[in-house]
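The values are calculated or read from the model by the stated rules, or taken from the named source; none is laboratory data. Fair warning: this is a prediction, and the values are worked out from it, not measured in the lab. No Cβ is skipped: glycine too gets one built from the backbone with ideal geometry, and neighbour counts run over all protein chains shown.
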Amino acid sequence: MAGFIIRRLLWMLPLLLGVSIICFAMLKRAPGDPVAAMLAESRSTGQNLTLADRERLRHQLGLDRPAYLQYVDWLGQVAHGNLGMSTRMNQPVADVIMQRLPNTMKLAGVALVLTLVIALPLGVLSAIRQYSLLDYFLTTFNFIGISIPQFWLGLMLLYFFGVTLGWFPVRGMSSPYVEPGFWNQAKDTVLHYALPVASITLVSLAGYTRYQRAAMLEVIRQDYIRTARAKGLRERAVILGHAWRNSLIPIITLLGYVLVILVEGSIVVENIFSWPGMGQLAAQSLSQRDYPVVMAIVLLSATLILVGTLISDILYAIVDPRVRYD
Amino acid sequence: MDDAGTAALASGASARRYPRRTILKRAAAIGFSSAFIPTLLAACGGGSAEEATPSDAAPGSPSPAPGETPSGETTGGIVNANTTLGDKGIGNPILNGNDYWTEWLVFSKLTKYDDEGNVLPDLAATYEYSEDGLTLTLSLVDTTWHDGEPFTAADVLFTFDTVSDPNVDTPYGSRLQVGGEKVQYEALDDRTVRITMKEPFAPFLFGLSQIGIIPRHLLENSADINTDPFNLQPIGTGPYKFVEKQPDQFVRYERFDNYFKGRPAADGWTVFYMVDANAGAAALESGEIDMMFTPPEMQPRYEDDPDYMLLNYVYFTPITLAFNHKHPALADINVRRAIAHAIDRKTLNETVTKGRGLLANNHYATTGPLDRYNNYDEVNYETEYPFDPARAQRLLDEAGWTPGADGIREKNGQRLSLTVLTYAGFDEYKNDQVIIQQMLGEVGIEITPQVLEYTTLEGMWHDPNDDPMGRAMEVQEWPHPFEQDPDVFNELHSSNVPPGDNYMWFQDAEVDQLIDQGRTTVDLDERVQIYQQLDRRRMETLPALPLYCAVDGWVVSRRLGGVPEDTPSFRWYQRAFPEKIYKQG
């Protein structure tokens, strides 16, 4: 097992290198560059970046050098722990990301916990009472959930609960006008989280419920479950003690990707609810061709995916004694 | 300061140049109330221009006594606005990509423009050109920065130095250049700045009005202005002080009681970052924000709503069908003329804008500060290029383009198949393309519409080797004059072909000469004459075919006071008089 882990960790470095090269190449091949985006932005505020200014900026940003040299520069910086400067915000990339990362983690974290807390029991129930009314209802709900586009759901929730009923605020993580005091702030926070969390949860519920249901169904057909019942165990012990634990194996492996989910954020939901997170950062940085930020985000995501899958595999081995790595 | 001089300066002042796209996507408010639109539509047929009345805002005129407007309403409150521009991270107005609202609420300029297109004194209480137009003397107001330090001429000089510094990330470097040379400037005393240039330059005051004045005492010893902490905690001389910023969420401002134009009306402003237009509309309706720029498709909903004012304004320059003059087929004036005759501009305008747009028969909007430059005597696209498909067909035949087997014209084996490009995000442009495609199809021209992302298109524009076959025509507002100044040097002069900004490759010696003359003539009457000649020459040579002027709009909640419903331009009103806006109740 130890050898397995070490080999996986060693592979991470060349993989990340490869990912960064591919990403950089794609960014450079795409038309436009940060200065073109600056020109568009500057026009919107009535300035007009002249040719001389654009050339100077391109030179300052190193955009007039060959692409491979730009990549080497970037790599050298990263090797020294410097992620560079955001061209859009004139601040260090690390700062820009750290301002937004916690916000996404909070949103995604709350949504994930809520999803699991609801999805897993429902999936189990749906499986053990297969073909019942509950099962049919939940299955239908799952189909709807998988089919609904998140932006539509988000907007519907926003308009109905935020505007028509006026129960929830329609933007951001907090209001600048909240009165000081623990309960006031807590209430304000809950109100702000409600709609974005609902948008994410309602859709991801469907996926997790289905997984749990499918896994559970497979497990309860196994011989050892029949044996457990034959031994005279109460149904509750059979289900919770034996069946459910084994049905978690696929779920646990899914959770290896939790890190990525927590960090990447949902561009769609963050956009609609003006949530100051990584999703918005990624979308805006891409459209403004803010290469250092995009590269940093891609690097971060790639790292987390690799670490996540490794953890996933390790958990898999821990949870299922039949699995052995050599 | 005599009247002629004032008038000359007023006309000589240039204004911001905004591609309509960015305005639509961004924020800027200008408004005509909905009651005005029928009047505008009636007036648009090329009748007399509305004379812009001189602004009566004098510097230092007292604003209402604290807590009360002239009509007795209680001022105060926090005004909530939004910006779709996204978090810029920079509050320093002279740096590239700075935050829009911070620039207008926290900082002042030497001069601004009011909502009628007149020059409005700001930090420069008076400005005076010498007889020969080579020297501009500004006398400055006596005020303080938000931190209490006195504002002096040294701050102005420092700002100019910073803007001219090649290491500073600023888009304003060229604003202080006239005739290829940097202007000279000096402080005659603490309250007076004198600027000397080598030749008269009409758009100079406009350029000057774009530069926010920054504090010398806080930045002169900065290691690097581009990354100085000041940018995240800016201090200016404007009506509102910067308080705090939550990244990607909001920025808060509070009233600066010692503002030199009098105590500002509101207690503070909060500007929220909301990138999505739907989310912005939801926030407007739920009361979380009080005003919002509204795209055309959202406007009808607010037209008769008692809780909101829909403040419309006419975009200052028409949307045009621009021709790429590097394209072999379009280089022929007769082909361009044929295209002009083949397009029924009236139907196009009515269909696409549902009657809200104004048919453009001249080069500038019939309302606004540029209208005086419209040559109504000799230039009228409706009479010069009436909708006449038969004539279009004849012109094409004569030019050697004869219909092929599939109905599309050909010449020397080349099919007359043209691409029409525009940038993404605007249904209106896409609709324009489709209608043009149909109309030109009727006369045997095959049109392929294409929608590209703005930055992609920008790349094509500035590429000297861009292939004209892939970009034959465009639907947008080319060439853009400045919003308050008719100068079209950047985009129409032959010396600015790519990598410069004349990305439609138009070259005509007489147009060049008239442009050069127009820039260097400060006297208003003479300048008007020159631009009228230019108008005629443009109509003869057809660099682009004007289609219609768009009418954009801001929706402003009636909870806000200090916003006159009949302002001709809420977009400029909010920049000129942010200190007058407040929240009632």
Before we move on, is residue B:270 under 30 Å from residue A:280 (Cβ atoms), assigned to a loop (DSSP other than H, G, I, E, B), within 13 Å of another protein chain (Cβ to nearest Cβ) and not aromatic (Phe, Trp, Tyr)? no
Given the conditions (1) in a loop (DSSP other than H, G, I, E, B); (2) within 13 Å of another protein chain (Cβ to nearest Cβ), every one holds for residue B:301 apart from (1)
Failed item in (1) under 29 Å from residue A:176 (Cβ atoms); (2) out of contact with any strand residue (DSSP E or B) (no Cβ under 6 Å at 6 or more places or on another chain); (3) buried (at least 23 other Cβ atoms within 10 Å of the Cβ); (4) not charged (D, E, K, R), with residue B:210 passing the rest: (1)
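Could you list, in sequence order, the residues of region B:316-341 that are touching a residue at least 24 places away in the same chain (Cβ under 8 Å) and assigned to a loop (DSSP other than H, G, I, E, B)?
So the first thing to find is which residues in region B:316-341 are touching a residue at least 24 places away in the same chain (Cβ under 8 Å), and the list is B:316-330, B:332-341.
Those that are touching a residue at least 24 places away in the same chain (Cβ under 8 Å) and assigned to a loop (DSSP other than H, G, I, E, B): B:316, B:317, B:318, B:324, B:325, B:326, B:327, B:328, B:329, B:330, B:332.
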Please go through region B:80-117 and pick out each residue that is in contact with a strand residue (DSSP E or B) (Cβ under 7 Å, 6 or more places away or on another chain) and at the interface with chain A (Cβ under 8 Å from one of its Cβ atoms). B:86, B:87, B:100
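Sort out which residues of region A:232-248 are part of a helix (DSSP H, G or I) and surrounded by fewer than 16 Cβ atoms within 10 Å (Cβ to Cβ), and write them in order of number. Show your work before the answer.
Filtering region A:232-248 for residues part of a helix (DSSP H, G or I) gives A:235-248.
Those that are part of a helix (DSSP H, G or I) and surrounded by fewer than 16 Cβ atoms within 10 Å (Cβ to Cβ): A:235, A:236, A:237, A:240, A:241, A:245.
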How many residues, within region A:90-124, are touching a helix residue (DSSP H, G or I) at 6+ places or on another chain (Cβ under 7 Å) and either free of Cβ contacts under 8 Å to residues at least 12 places away in the same chain or among the basic types (Lys, Arg) (or both)? 2
When both residues are 6+ apart or on different chains and their Cβ atoms are under 6 Å apart, which pairs have a first residue that lies in region B:532-559 and is in contact (Cβ under 8 Å) with a residue 40 or more places away in the chain, and a second that is surrounded by fewer than 22 Cβ atoms within 10 Å (Cβ to Cβ) and of a type in the set (Phe, Trp, Tyr)? B:546/B:381
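Checking the condition in contact (Cβ under 8 Å) with a residue 40 or more places away in the chain, within 28 Å of residue A:21 (Cα to Cα) and surrounded by fewer than 19 Cβ atoms within 10 Å (Cβ to Cβ), which residue from A:290, A:313, A:320 passes? Spell out how you get there, then give the answer.
Numbers: A:290 fails: surrounded by fewer than 19 Cβ atoms within 10 Å (Cβ to Cβ); A:320 fails: within 28 Å of residue A:21 (Cα to Cα).
Going through A:290, A:313, A:320 in turn, the sole match is A:313.
This table checks each residue for (1) part of a loop (DSSP other than H, G, I, E, B); (2) within 30 Å of residue B:495 (Cβ to Cβ).
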position: A:10; (1), (2): no, no
position: A:17; (1), (2): no, no
position: A:58; (1), (2): no, yes
position: A:65; (1), (2): yes, yes
position: A:82; (1), (2): yes, no
position: A:89; (1), (2): yes, no
position: A:97; (1), (2): no, no
position: A:100; (1), (2): no, no
Test each condition in (1) more than 21 Å from residue A:276 (Cβ to Cβ); (2) touching an Asp or Glu at 6+ places or on another chain (Cβ under 8 Å) for residue B:248 and report the one that comes out false. (1)
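Among the listed residues B:218, B:205, B:188, identify the single one that is assigned to a helix (DSSP H, G or I), farther than 30 Å from residue B:515 by Cβ and away from every other protein chain (no Cβ under 13 Å).
On the way: B:205 fails: farther than 30 Å from residue B:515 by Cβ; B:188 fails: assigned to a helix (DSSP H, G or I).
Criteria check complete, one pass: B:218.
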Mind checking which residues of region A:45-92 are more than 9 Å from chain B (Cβ to nearest Cβ), acidic (Asp, Glu) and more than 21 Å from residue A:17 (Cα to Cα)? A:64
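Applying the selection to region A:255-281, what residues are among the aliphatic types (A, V, I, L, M) and at the interface with chain B (Cβ under 8 Å from one of its Cβ atoms)?
A:272, A:281
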Exactly one condition in (1) over 26 Å from residue B:352 (Cα atoms); (2) in contact (Cβ under 8 Å) with a residue 12 or more places away in the chain; (3) of a type in the set (S, T, N, Q) is false for residue B:422; which is it? (1)
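Select the strands (runs of 3 or more DSSP E) contained entirely in region B:363-458, then report the ones holding at least 1 residues which are on the phi > 0 side of the Ramachandran plot. Write out each step before concluding.
Details: elements: B:409-411, B:417-423, B:446-452.
Result: empty, no element qualifies.
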Tabulated pairs, region B:374-400, first of a type in the set (Asp, Glu), second in a helix (DSSP H, G or I), C-beta under 7 angstrom, 6+ apart or interchain: B:378/B:536; B:384/B:539; B:388/B:341; B:398/B:334
Would you check if residue A:25 is under 32 Å from the mean Cα position of the chain (by Cα), at the interface with another protein chain (Cβ under 10 Å from one of its Cβ atoms) and part of a helix (DSSP H, G or I)? no
More than 14 Å from chain A (Cβ to nearest Cβ), touching a strand residue (DSSP E or B) at 6+ places or on another chain (Cβ under 9 Å) and under 20 Å from residue B:362 (Cβ atoms): does that describe residue B:475? yes
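This table checks each residue for (1) surrounded by fewer than 22 Cβ atoms within 10 Å (Cβ to Cβ); (2) within 14 Å of another protein chain (Cβ to nearest Cβ); (3) modelled with pLDDT under 95.
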{"residue": "B:495", "(1), (2), (3)": "yes, yes, yes"}
{"residue": "B:500", "(1), (2), (3)": "yes, yes, yes"}
{"residue": "B:503", "(1), (2), (3)": "no, yes, yes"}
{"residue": "B:506", "(1), (2), (3)": "no, no, no"}
{"residue": "B:517", "(1), (2), (3)": "yes, no, yes"}
{"residue": "B:523", "(1), (2), (3)": "yes, no, yes"}
{"residue": "B:526", "(1), (2), (3)": "yes, no, yes"}
Counting just the residues of region A:176-200 that are buried (at least 19 other Cβ atoms within 10 Å of the Cβ) and not hydrophobic (A, V, I, L, M, F, W, C), which one comes out farthest from the chain's Cα centre (by Cα)? A:192
Between A:178, A:170, which is touching a residue at least 24 places away in the same chain (Cβ under 8 Å), aliphatic (A, V, I, L, M), within 14 Å of chain B (Cβ to nearest Cβ) and not in a helix (DSSP H, G or I)? A:170
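Is there a residue in region A:23-32 that is within 29 Å of residue B:482 (Cα to Cα) and out of contact with any strand residue (DSSP E or B) (no Cβ under 7 Å at 6 or more places or on another chain)? First the steps, then the outcome.
First, pick out the residues of region A:23-32 that are within 29 Å of residue B:482 (Cα to Cα): A:31-32.
Filter again for out of contact with any strand residue (DSSP E or B) (no Cβ under 7 Å at 6 or more places or on another chain), leaving A:31-32.
Yes, because at least one residue in region A:23-32 is within 29 Å of residue B:482 (Cα to Cα) and out of contact with any strand residue (DSSP E or B) (no Cβ under 7 Å at 6 or more places or on another chain).
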Could you go through region B:248-261 and let me know if any residue there is more than 30 Å from residue A:155 (Cβ to Cβ), more than 28 Å from the chain's Cα centre (by Cα), surrounded by fewer than 20 Cβ atoms within 10 Å (Cβ to Cβ) and at the interface with chain A (Cβ under 9 Å from one of its Cβ atoms). no
All but one of (1) part of a loop (DSSP other than H, G, I, E, B); (2) more than 12 Å from chain A (Cβ to nearest Cβ) hold for residue B:313; state the number of the condition that does not hold. (1)
Failed condition for residue B:545, given (1) modelled with pLDDT of 95 or more; (2) assigned to a helix (DSSP H, G or I); (3) within 30 Å of residue B:312 (Cα to Cα), with all others met? (2)
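Let's see how each residue does on (1) modelled with pLDDT of 95 or more; (2) in a strand (DSSP E or B); (3) under 13 Å from residue B:101 (Cα atoms):
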{"position": "B:238", "(1), (2), (3)": "yes, no, yes"}
{"position": "B:259", "(1), (2), (3)": "yes, no, no"}
{"position": "B:275", "(1), (2), (3)": "no, no, no"}
{"position": "B:281", "(1), (2), (3)": "no, no, no"}
